[in-house]
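Shown next, in structure tokens, is the structure this report addresses.
The values are calculated or read from the model by the stated rules, or taken from the named source; none is laboratory data. Keep in mind the model is a prediction, meaning the values are calculated, not measured. Using ideal geometry, Cβ is built from the backbone for each residue, glycine included, and neighbour counts are taken over all protein chains shown. These accessible areas exclude ligands, DNA and RNA; they are computed on the full protein's heavy atoms, side chains included. Shrake-Rupley method; radii C 1.70, N 1.55, O 1.52, S 1.80 Å.
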Amino acid sequence: MYKRIVVLVSGGGTNLQALIDAEKCGKLGNGKITCVIASKADAYALTRAQENGIKTRTLIRKDYEDISSYSCAMRDLLLEEKADLIVYAGFMTILDENVCDAFQYKMINVHPALIPSFCGKGYYGLHVHEEALQKGVKVSGATVHFVTAECDAGPIILQKAVEVMEDDTPEALQKRIMEQAEWKILPKAVQLFCDDRITVKNNKTYIK
């Protein structure tokens, strides 16, 4: 029986597209994307899912008064969808322990930096790359990690470094990290999970 992958999105869905393309090539192992849930009704990621015959649902963040009630609603939705793996693919809401405890080591996120650099609350989108360039780092990259209630603090699954160019803008660095790192290691991490090749001990992952 395949593992049911539910992808959480908020925007354009480029990482979702990388997962859809990987699935078409048989590169998600024993996994199948069964549902895409968006936090915004106008997220283009929903269109990508629909064009590929994937079920879509919306759970609008601003319909809920606080993160706790939103997290509880998301947990119930994920249970309803029988999610085996939840993938954050440009999902811009930090969910609390109501979700994270219910799906411990079953939620993964891709972050556009080499954690523990440039991560945590406030580090999202172009902010990450602006900060990296300001610090003058020579390499940046992407990290896939398990999601916990603490932002960007879960066990690291995969990382990939990307060279920073002297004339980089935040937009240019963002694009290179997506193309060279995020779109490669996110599907790979999903494949490893779906093929039961990841174990976690003492907040560290081990890949079989």
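Go through the residues of region 143-164 one by one and say whether even a single one is free of Cβ contacts under 8 Å to residues at least 40 places away in the same chain and over 30 Å from Lys32 (Cα atoms). Among the residues of region 143-164, at least one is free of Cβ contacts under 8 Å to residues at least 40 places away in the same chain and over 30 Å from Lys32 (Cα atoms), which makes the answer yes.
Every condition in (1) buried (at least 22 other Cβ atoms within 10 Å of the Cβ); (2) under 26 Å from Asn30 (Cα atoms); (3) more than 17 Å from the chain's Cα centre (by Cα) holds for His111 except the one numbered (3). Hey, among the residues in region 1-25 that are of a type in the set (S, T, N, Q) and open to solvent by less than 40 Å² (accessible area, probe 1.4 Å), which one's nearest to Ala181 (Cα to Cα)? So, considering only residues that are of a type in the set (S, T, N, Q) and open to solvent by less than 40 Å² (accessible area, probe 1.4 Å), the one nearest to Ala181 (Cα to Cα) is Asn15. Kindly indicate whether Lys40 is farther than 23 Å from Thr205 by Cα and in a loop (DSSP other than H, G, I, E, B). Yes; evaluated as a whole, the condition is true for this residue.
If only residues of region 63-92 that are open to solvent by 20 Å² or more (accessible area, probe 1.4 Å), in contact (Cβ under 8 Å) with a residue 40 or more places away in the chain and not aliphatic (A, V, I, L, M) are counted, the one that is nearest to Lys3 (Cα to Cα) is Asp84. Of the residues making up region 161-208, those that are among the charged types (D, E, K, R) and over 17 Å from Val87 (Cβ atoms) are Glu163, Glu166, Asp167, Asp168, Glu171, Lys175, Arg176, Glu179, Lys201, Lys204, Lys208. There is at least one residue in region 41-58 that is open to solvent by 50 Å² or more (accessible area, probe 1.4 Å) and either touching a residue at least 60 places away in the same chain (Cβ under 8 Å) or touching a Cys at 6+ places or on another chain (Cβ under 6 Å) (or both).
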